[in-house]
Amino acid sequence: MSNCQNKMVKRCAGLVALVTCILVIAAAVVGTIFGVKGIGVFNRSAVLDDVKTLTVSMNQHVYTNNLDKVEDACENVFGSLNVTYEIKGEMSGDESEIIYVFDKAANLETVEKELENKFEAMTGDQGELKGSFITVAANDEKAVEYLAKNYVLRGVIAGVVLIAAVYVYAAIRFGIGKGVSVAFGTLYGTLLTVALVLLTRIPVTASISYVFAAAALMSAVTSVFTMNKIAASEKSESCNVCGCACKEILPICAFVCVGLILIGAIAWGVKWFALSAIIAVIASAVAGIMGVPFLYAPIKAAADKKPEKDAYVGAAKTSTKAKKVFTKKEAVKAEPVEETVEETVEEAAEEAPAEETVEETVEEVAEEAPVEETVEETVEEVAEEAPAEETVEETVEEVAEEVSAEEATEEPAAE
Amino acid sequence: MGKKKSIVLMVLLTIVIVVLCAITVVPSFAIPGTVKKWNPVISMYDLGTDLDGGYYAYYYPNGVISEAEYKNLESEDQADYQNHKGLYLKKDAELGVLNKDGTVSKDFEENFAKATAEICARYSAKGYSDYRVSIVDDYALAIYVPASETTESQSAFQSAYTTFGQFAKTGALEIKMGDALVEERLEYEVDEIIKDFSVYTKNEVAFVQVKFTDVGKEMIKTYKEEGAKTNEETNQTETLKILIGEETVFEIQASDEHITSKNVVRVPFRYETEKNDVETMVILLNSVLNNGGFDIEFNTVSNSQVRTYAAIAGENVLNLIYIALAVVLVALIVFTIVKMGGFGVSCAYSTVSYLIIVAMCYAFISGGVFEITLGSILMFLVGLVLVNVMNMYVYGAIKHEAELGKTLESAVKGGYRKTMMGVIDVYAVAALGAVALLVGVSGVYTFALQALICIVAGAFCNLLWTRVINVMLLSASKDKYKYFRFVRKEDDDDE
């Protein structure tokens with residue numbers, strides 16, 4: 001059936017399974033260690049983590065007319081002290097402010113002092129912002145809540161429902177074994193994505209849930225597409241299971257990855273999101289190209305090994321006459337008619353290689369050599385030759401009569 | 001289809017697509033001679049915090065001020081405060097923040113912790129896709145919410161300001177008839193009178209619906225039958241009031257307008273366009289009903305104290321993403337035309353149609369329901385690529401059929417027939433998956449809706465639209481083999 005049965009492919013399947021297991025187990029271990037330490041299962045970006053903030057407060061006049069000078073002063077100090085902020089916020093009003101959000105490891109004491117000195121000089125008698133009122137304050141922020149109620153639980157439930165829905169569709173469409181393979185492919189792609197994001201410690205925000213959801217969807221798509229191709233190719237003699245959907249899945253993967261690389265390169269702020277999405281796309285491609293066929297092959301092999309005793313063999317033939325009829329029938333069927341049909345088909349195939357032509361030729365052959373009819377006729381002939389029981393009985397009686405008649409004739413002759 | 005008819009239809013179709021495309025993506029500009037401004041569809045989106053930032057505010061308990069506020073005080077007033085990290089705590093022992101020895105009061109710490117937990121629960125129940133509650137220097141709160149909760153009659157700023165104000169309340173829930181507490185009269189606690197609060201909408205009005213327990217139902221029934229009484233001393237009608245702390249949230253009239261036949265109270269609160277505010281109020285009411293009040297009060301957040309923060313991914317990130325997507329779009333169009341010839345042109349039409357459908361659905365099937373996030377961008381990109389790759393899949397099947405010697409018409413029919421189930425499987429599974437993801441909350445729910453839009457648009461483009469355009473273009477083409485970039489067998493033989 002499949003090209004997944006040869007040793008080379010089996011080894012590849014084994015290797016892929018081994019690597020995947022290692023990745024998933026490693027991810028679970030890493031996630032547990034970091035989770036227990038309080039760092040977080042995933043590497044949370046500053047948005048979801050504890051941070052430090054630097055608030056530069058000023059009166060409205062300064063904010064309205066000299067905001068750029070204040071911002072430049074801040075950027076210069078940050079640059080000279082080699083600190084970078086993650087997010088910037090503003091407030092405009094009677095009391096205006098700019099807030100800079102830094103990573104929790106940032107040392108803001110020096111930054112605060114430098115800025116205070118700088119603004120003191122700028123707002124002094126000789127300064128360019130003379131008479132303005134600017135203060136600097138550093139604070140620690142400890143993140144307490146950032147996920148909606150039941151966010152993770154409902155997300156996991158949604159994933160389970162997705163896999164179940166995909167399984168039901170594939171099972172109805174292709175069969176239970178294929179349905180299992182498609183569901184497995186979906187799960188495989190999603191788990192691989194989660195594991196790789198965890199292991200690579202890519203900084204995540206709440207947007208990572210979109211990446212995982214997209215991974216589940218794309219894995220389902222690649223898995224069902226592969227299974228569609230497997231089902232179609234099973235009808236032909238040369239069934240190429242492994243890699244049968246490469247031609248379509250690889251372009252999807254390539255184009256989406258190129259798009260994400262462009263997005264990450266041009267809009268640098270979303271680079272981590274783009275990188276995790278690329279991981280999701282690659283994982284879904286692996287699920288479709290390798291995961292589904294490598295699981296389906298053994299399922300199909302197991303299904304093909306179903307015991308022959310379950311197959312229908314026909315009624316038991318016990319009577320001698322029936323056996324005789326059946327044997328003759330089989331002999332007629334095995335004889336030249338079959339060879340003639342095969343020869344005619346080959347000839348026809350040589351003459352008209354196109355499918356339609358072959359079909360036509362087969363039809364013609366069927367008309368020329370109606371095997372069934374011939375067999376039936378032959379059976380009738382055989383039946384005539386090997387008469388029915390009643391006929392046999394009659395023949396036996398006739399023979400008996402003949403025998404007795406002969407005996408009767410012989411006795412007078414003897415006398 | 002006749003050649004002339006095809007050409008006319010294609011010209012009309014091209015004009016329509018170009019116009020719609022322009023409406024969707026042409027950047028904003030001032031309309032000459034007017035004060036109005038042209039805005040494309042893609043500028044109408046509500047955006048998530050990754051793309052557009054949001055609003056934030058601080059909750060300072062009474063007796064706690066920021067360093068900026070401290071520096072604004074006169075020096076004699078500054079002496080009343082004690083420094084704690086970046087905050088200043090009032091020394092007045094009556095306020096309960098600091099003990100007489102200058103240490104922070106344990107009661108204050110406990111009340112602050114309880115209030116923090118409850119405020120977190122309120123924001124969690126609000127269902128923001130992206131938000132954050134943090135503790136600032138141990139004794140203040142910073143709340144960040146996305147700038148996305150817009151409605152027809154309310155801006156994102158107003159919505160955020162309302163939410164900040166409401167969720168900061170820490171008073172207890174009370175029911176009063178005049179000046180008397182109903183729970184004292186009935187000798188029941190409030191949560192034994194009221195079961196829960198919810199939102200009810202009818203006739204474009206959003207109501208706060210109050211469900212009472214059996215005790216409460218009896219009280220309401222009596223109130224409705226006897227009607228609101230007039231206080232002889234004050235000469236004022238005493239209606240039933242729901243209060244949080246000292247503030248009256250709403251009053252219940254003793255009429256059919258407010259009290260239904262089943263003794264459920266429905267008080268009109270806002271128009272349906274401001275349903276967000278009603279949802280906020282209901283979350284607050286349920287919070288104080290279930291958890292009571294706290295012995296700590298936060299300073300009121302005024303309009304001018306609501307701050308904005310820029311997009312987390314950086315300023316102008318959305319424009320940069322649009323540029324990247326435009327490059328991808330053009331690259332896909334060029335690639336399909338180069339690879340598939342005339343069929344690639346029909347794919348190009350299909351691609352642009354997909355862009356228009358998704359962009360418009362993102363803008364108009366929202367009504368404040370969901371915002372555009374990085375997930376929306378990702379699903380748009382995936383859908384765009386899927387449309388083109390499925391078209392390539394169909395093209396490959398048509399090419400295979402043609403190589404078997406069939407006529408082009410039967411090759412096209414055969415190609416579509418053989419690939420139809422594969423394409424249907426892909427979109428059916430994707431749609432089922434998106435529907436399943438609707439079980440998720442906030443961001444995942446939004447993502448699922450947007451994925452469904454992309455999937456339905458992609459399915460339409462692949463299963464129907466490309467084929468229609470292909471029929472028209474094929475009818476109009478002179479050499480059908482050249483249209484598909486196929487090499488005819490006779491040409492091969494000639495060579």
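For segment B:303-311, the criterion of a residue being surrounded by fewer than 16 Cβ atoms within 10 Å (Cβ to Cβ) and charged (D, E, K, R) is satisfied by no position.
Candidates in segment A:80-124 are the residues that are over 56 Å from the mean Cα position of the chain (by Cα), assigned to a loop (DSSP other than H, G, I, E, B) and within 14 Å of chain B (Cβ to nearest Cβ); of these, the one that is modelled with the lowest pLDDT is A:Asp94. With respect to the conditions (1) outside the structural domain of B:Lys480 (by TED's automatic domain parsing); (2) touching a residue at least 24 places away in the same chain (Cβ under 8 Å), B:Met360 lacks only one, and its number is (1). Candidates are the residues of segment B:336-381 that are farther than 20 Å from B:Cys21 by Cα and β-branched (Val, Ile, Thr); the one that is surrounded by the most Cβ atoms within 10 Å (Cβ to Cβ) is B:Thr373. Can you confirm whether A:Lys130 is more than 19 Å from the chain's Cα centre (by Cα), more than 13 Å from chain B (Cβ to nearest Cβ), touching a residue at least 24 places away in the same chain (Cβ under 8 Å) and more than 30 Å from A:Arg44 (Cα to Cα)? The answer is no for A:Lys130.
Checked against the criterion of being crowded, with 24+ Cβ neighbours inside 10 Å, small (Gly, Ala, Ser), within 11 Å of chain A (Cβ to nearest Cβ) and part of a helix (DSSP H, G or I), segment B:404-426 has no qualifying residue.
B:Leu449 falls short on exactly one of the conditions (1) more than 7 Å from chain A (Cβ to nearest Cβ); (2) of a type in the set (A, V, I, L, M); (3) in contact with a Gly (Cβ under 9 Å, 6 or more places away or on another chain); (4) over 15 Å from B:Val385 (Cα atoms), and that condition is (3). Taken over segment A:264-288, the criterion of being within 14 Å of A:Thr222 (Cα to Cα) and in contact with a Ser or Thr (Cβ under 7 Å, 6 or more places away or on another chain) is satisfied by A:Ala280, A:Ala283, A:Ser284, A:Ala285, A:Ala287, A:Gly288.
Just give me the residues in segment B:292-339 being in a helix (DSSP H, G or I), more than 7 Å from chain A (Cβ to nearest Cβ) and at pLDDT below 90, in sequence order. B:Asn303, B:Gln305, B:Leu318, B:Asn319, listed by residue number. Filtering segment B:164-199 to residues that are part of a helix (DSSP H, G or I) and free of Cβ contacts under 8 Å to residues at least 60 places away in the same chain leaves B:Val182, B:Glu183, B:Glu184, B:Arg185, B:Leu186, B:Glu192. On the stretch given as segment A:272-282, residues that are without any contact (Cβ under 8 Å) to a residue 60 or more places away in the chain and within 9 Å of chain B (Cβ to nearest Cβ) total 1. I need the full set of residues from segment B:1-45 which are more than 30 Å from B:Thr373 (Cα to Cα) and among the β-branched types (Val, Ile, Thr), in order please. If the condition is that a residue be more than 30 Å from B:Thr373 (Cα to Cα) and among the β-branched types (Val, Ile, Thr), then B:Ile7, B:Val8, B:Val11, B:Thr14, B:Ile15, B:Thr34, B:Val35 are the ones that fit. Does A:Val70 satisfy the condition of being crowded, with 20+ Cβ neighbours inside 10 Å and in the same structural domain as A:Glu109 (by TED's automatic domain parsing)? In short, yes. If you check B:Glu109, B:Glu94, B:Glu76, B:Glu69, which single one turns out to be under 27 Å from A:Lys104 (Cα atoms), surrounded by fewer than 20 Cβ atoms within 10 Å (Cβ to Cβ) and away from chain A (no Cβ under 14 Å)? It is B:Glu109. I need the full set of residues from segment A:148-172 which are of a type outside the set (Ser, Thr, Tyr) and at the interface with chain B (Cβ under 7 Å from one of its Cβ atoms), in order please. Result: A:Ala148, A:Lys149, A:Asn150, A:Arg154, A:Gly155, A:Ile157, A:Ala158, A:Val161, A:Leu162, A:Ala165, A:Val166. Quick check: anything in segment A:186-200 touching a strand residue (DSSP E or B) at 6+ places or on another chain (Cβ under 9 Å) and touching a residue at least 40 places away in the same chain (Cβ under 8 Å)? Yes: one or more hits.
The values are calculated or read from the model by the stated rules, or taken from the named source; none is laboratory data. The shown structure was predicted, so the numbers you read here are calculated from the model rather than taken from an experiment. We place every Cβ from the backbone using ideal geometry, glycine too, and count neighbours over all the protein chains shown.
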